Amino acid sequence: MRFETKAIHSGADTDAETGAIAPPIHLSTTFERRAEDGTPAHGFSYIRDGNPTQVRLEEALAAIDSASHALAFASGMAAVTCLLQSLPAGSHLILADDCYYGVRALAGEYLPRWGVACDLISMDDPEAVRAAVRPATRAIWCETPSNPLMNIVDVAALAKIAHDAGAILIADVTFATPALQRPIEQGADVVMHSTTKYLGGHSDVQGGSLAFARRNALLDTIEHSRKITGGVASPFNSWLILRGIRSLAARMRVHCENAMALARALEAHPRVEAVHYPGLEAHPGHAIAARQMSAFGGMLSFNVRGGRAEALAVTAKTKIFTRATSLGGVESLIEHRHSSEGPGSSTAENLLRVSAGLEHSGDLVEDLMAALG
Ligand SMILES: Cc1ncc(COP(=O)(O)O)c(C=O)c1O
């Protein structure tokens, strides 16, 4: 079955009780047990362990990521935390040096407490990653395209390096979504998404997911840890994300078209110093992106000539783009990334990040060009 069909039909069984096509939202926190032996009568026990709406979501998440199993979390960071907590004390993690700043913050603040060593490495050159492998390396964490610089890494090459070292490859493909890239098909062991973004798709729900190439001890550990630490997705959020997944493929087509139109217009603008979009031939990761993604995504960033003031002035003038962080909704957003990341940000002060929404591309290009002046 092809992606578009799987996204619509997985976790979508007609409700057995009522015949409802739209799935019910089961808000119950607790479930009945059998009189004879006290075991759960319908497989569910307590909401933190699992609930029927979340199970539907997890079926869909596994199907669209070509995974064996998937777990839904309360946020992307809850998923990241559970995953990194599964690394045994004494192990070593290799993290992309330009990964999402929240992941970097988590690694910096918490991994030392958990006894896990971590190196931040540029992953443009897979050989640099190989050179960073130590006997204790248990995981390599990549993000592609990266946030906010849109760097691309070669997932198949990194998977090989991880496996040669007896480690796993984890890929955060929140920007690409499973509609454009499925790292498990390229050798990754675990795929992470902030489902708050494109999978939810309407800027109204928070969530995260981990999809696993196979059921193994790692998945068992993480499932157990989610149950104990409690970062599970709520039934209502599960339902909203499930609904978002149904239209993901169609939405991504327009996000990609609009981002490409914006990237081309920005590339030609004299007030723009650099455009970061993997769909542009000049992007250093273009060839790899063309090989491992089916299209280049809805996110881009660019540097405005000048500095912080010149960049902020552009965001002050847009009429359609709203100044806000986050991404993947139907509305276009523009963000001065350095301000959002706050103190300690390594993002250039003249960089703006754009989440191309689903408006008409002509309106978006005109708005941004007018703001640039
Ligand atoms: C690439 C990436 N990974 C992870 C996260 C964290 O996800 P959440 O905000 O849902 O916790 C984000 C959030 O922006 C992200 O962009």
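In deg cm²/dmol, rounded to 500, what helix-only [θ] at 222 nm does the chain give when every DSSP H run of at least 4 residues adds -39500 (n - 2.57) and the total is split over its residues? Write out the running numbers ahead of the final one.
On the way: 14 runs with 140 residues, N = 373.
Here the helix-only value at 222 nm equals -11000 deg cm²/dmol.
With Cβ to Cβ distances under 12 Å as the rule, what net charge do the other residues near SER68 carry (K, R +1; D, E -1)?
Values: positive: ARG214, ARG215; negative: GLU58, GLU59, ASP65, ASP189.
Neighbourhood net charge equals -2.
Determine the percent antiparallel among the DSSP beta bridges restricted to the chain, to the nearest 5. Walk me through the numbers before you get to the answer.
Working: 26 of 45 bridges.
Close to 60 percent.
Set the Förster distance to 22 Å, then compute FRET efficiency between GLU32 and THR229 from the Cβ-Cβ distance, nearest 0.05.
0.25
Could you go through region 108-116 in sequence order and give the Karplus-derived ³J(HN,Hα) for each residue, using 6.51 cos²θ - 1.76 cosθ + 1.60 with θ = phi - 60°, rounded to whole Hz, and x for Gly and Pro?
Karplus values, whole Hz, x for Gly and Pro: x, 7, 9, 4, x, 5, 8, x, 10.
If we count trypsin sites (Lys or Arg not before Pro) as exposed when they sit in a DSSP loop and have at most 13 other beta carbons within 10 Å, what is the longest stretch of the chain that avoids them all?
Longest site-free region, per DSSP loop and neighbour criteria: 216-318.
Across region 44-59, in residue order, what do the Karplus-derived ³J(HN,Hα) couplings come to in whole Hz, using 6.51 cos²θ - 1.76 cosθ + 1.60 with θ = phi - 60° and x for Gly and Pro?
10, 10, 9, 4, 5, 7, x, 8, x, 5, 5, 5, 4, 4, 5, 4
Hey, can you grab everything whose amide H is under 5 Å from the amide H of VAL272? Only 5+ residues off in sequence or another chain; H modelled, so Pro and N-termini drop out.
For VAL272, whose amide H was placed from the backbone, the distant partners under 5 Å are ARG305.
If you average the C-alpha positions of region 268-283 and of region 48-123 separately, how far apart do those two centres end up, in angstrom?
Rounded to whole Å, the Cα centres lie 32 Å apart.
Report the FRET efficiency, 1/(1 + (r/R0)^6), for ASP164 and ARG48, where r is their Cβ-Cβ distance and R0 is 41 Å, rounded to 0.05.
0.60
Distance between Cα centroids, region 10-45 to region 201-220: provide it in whole Å.
Region 10-45 and region 201-220 have Cα centres spaced 21 Å from each other.
If exposed GluC sites (Glu not before Pro) are those in a DSSP loop with at most 15 other Cβ within 10 Å, what is the longest stretch of the chain that has none?
The longest uninterrupted stretch comes out as 37-280.
Pulled fully out, how much extra length does the chain show between GLU366 and HIS286, if you take 0.36 nm times their separation in residues and subtract their Cα-Cα distance?
26.2 nm
Using the scaling law 2.2 N^0.38 Å as the reference, what is the normalised Cα Rg of region 1-86?
With N residues counted in region 1-86, Rg over 2.2 N^0.38 Å equals 1.27.
Apply the a/c threshold of 1.5 to the C-alpha gyration tensor of the chain and tell me whether it is rounded, prolate or oblate.
Since a/c reaches 1.5 but b/c is at least a/b, the shape of the chain is classed as oblate.
Can you work out ³J(HN,Hα) from phi for every residue in region 67-72, in order, using Karplus 6.51 cos²θ - 1.76 cosθ + 1.60 and θ = phi - 60°, giving whole Hz and x for Gly and Pro?
Karplus values, whole Hz, x for Gly and Pro: 9, 7, 9, 9, 10, 9.
From the C-alpha coordinates alone, can you work out the Kirkwood hydrodynamic radius of region 33-184, in Å?
Evaluated on region 33-184, it is 17.0 Å.
In percent, how large is the relative contact order of the chain, given Cα pairs closer than 8 Å and 6 or more residues apart?
16 percent
On full extension of the chain, what length is gained from SER345 through ALA105, given 0.36 nm per residue of separation minus the C-alpha to C-alpha distance?
On the way: separation 240, 0.36 × 240 = 86.40 nm, distance 1.04 nm.
Length difference between fully extended and current span is 85.4 nm.
Read-outs: derived from the displayed coordinates by stated rules, not from any lab. All of these numbers come straight from a predicted model, not from anything done at the bench. FYI the Cβ positions are ideal-geometry reconstructions off the backbone, even for glycines, and counts take in every protein chain you see.
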